[in-house]
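The values are calculated or read from the model by the stated rules, or taken from the named source; none is laboratory data. Note that the structure is a prediction, hence the values are computed from the model and not measured. Backbone-built Cβ (ideal geometry, glycine too); neighbour counts: all protein chains shown.
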Amino acid sequence: MRALFFATAIAFSTIMSGCVTSPSLGASEAEVVNKLGQPTHRYQDGNDHLLEYMQGPWGQYTYMARIGADGRLISYEQVLTPQKFSSLKIGEATKTDVLHTVGAPSDTSYLPRQDLEVWSYPYKENGVWDSIMHVEFDRAGIVRKMQNGPDLRRDPDTRWPFRMMLR
């Protein structure tokens, strides 16, 4: 009984942590899709293309599989990381660059006074902190700002959104 409890706890924690079994480098695209399922989005990137695997609507993990021109897996990585976000250059990166780097946003909004479209990405900053990155675009689709902070939806003491309204 105790062994069953521990096995169940390990399985549950693996599922909840967003862990995904990585496909083998060099695998065919069909093998990748067979192992991971249909991607949430597909993007053409030069001769390569990207298969995006978002983990839940407000999930903190998005995995990107890069398939080469030969139809084989070149790389597979979790892309919602501080390193990937910091590679997006303010004033230069476009919506396409953002999609190819960190995938589709979990949520979008608009700031009318600043005339900026906002794409939001919840993520685990440094694998520890529940954070959210907001990438803000001008009308031309160029990144103008990036702001990150704590993801208050995951803070049990915040009681989001109601506590925010009471302050």
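Answer yes or no: is there a residue in segment 44-52 that is part of a strand (DSSP E or B), under 21 Å from Asp107 (Cα atoms) and over 10 Å from the mean Cα position of the chain (by Cα).
Keep residues of segment 44-52 that are part of a strand (DSSP E or B), which gives 44-45, 48-52.
Narrowing the set further to residues that are under 21 Å from Asp107 (Cα atoms) leaves 50-52.
Subset that is over 10 Å from the mean Cα position of the chain (by Cα): 50-51.
Yes, segment 44-52 has at least one match.
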Next item on the list: Filter segment 141-153 for residues that are outside any strand (DSSP E or B), modelled with pLDDT under 95 and surrounded by fewer than 16 Cβ atoms within 10 Å (Cβ to Cβ) and give the result.
Entry: Leu152, Arg153
Checklist line | Cross-chain or 6+ apart pairs with Cβ under 6 Å, segment 46-69 first and without any contact (Cβ under 8 Å) to a residue 40 or more places away in the chain, then of a type in the set (Phe, Trp, Tyr) and part of a loop (DSSP other than H, G, I, E, B) | finding: Gln55/Tyr61
Next item on the list: Output the number of the condition that Asp107 fails; it satisfies all remaining conditions of (1) touching a strand residue (DSSP E or B) at 6+ places or on another chain (Cβ under 7 Å); (2) modelled with pLDDT of 95 or more.
Entry: (2)
Note to self: Return the residues of segment 18-41 that are over 27 Å from Asp130 (Cα atoms) and not in a loop (DSSP other than H, G, I, E, B); say none if nothing qualifies.
What the structure shows: Ser28, Glu29, Ala30, Glu31, Val32, Val33, Asn34, Lys35
Check: Are any residues in segment 44-80 within 26 Å of Arg144 (Cα to Cα) and buried (at least 17 other Cβ atoms within 10 Å of the Cβ), and if so, which ones?
Finding: Leu50, Glu52, Met54, Gln60, Tyr61, Thr62, Tyr63, Met64, Gln78, Val79, Leu80
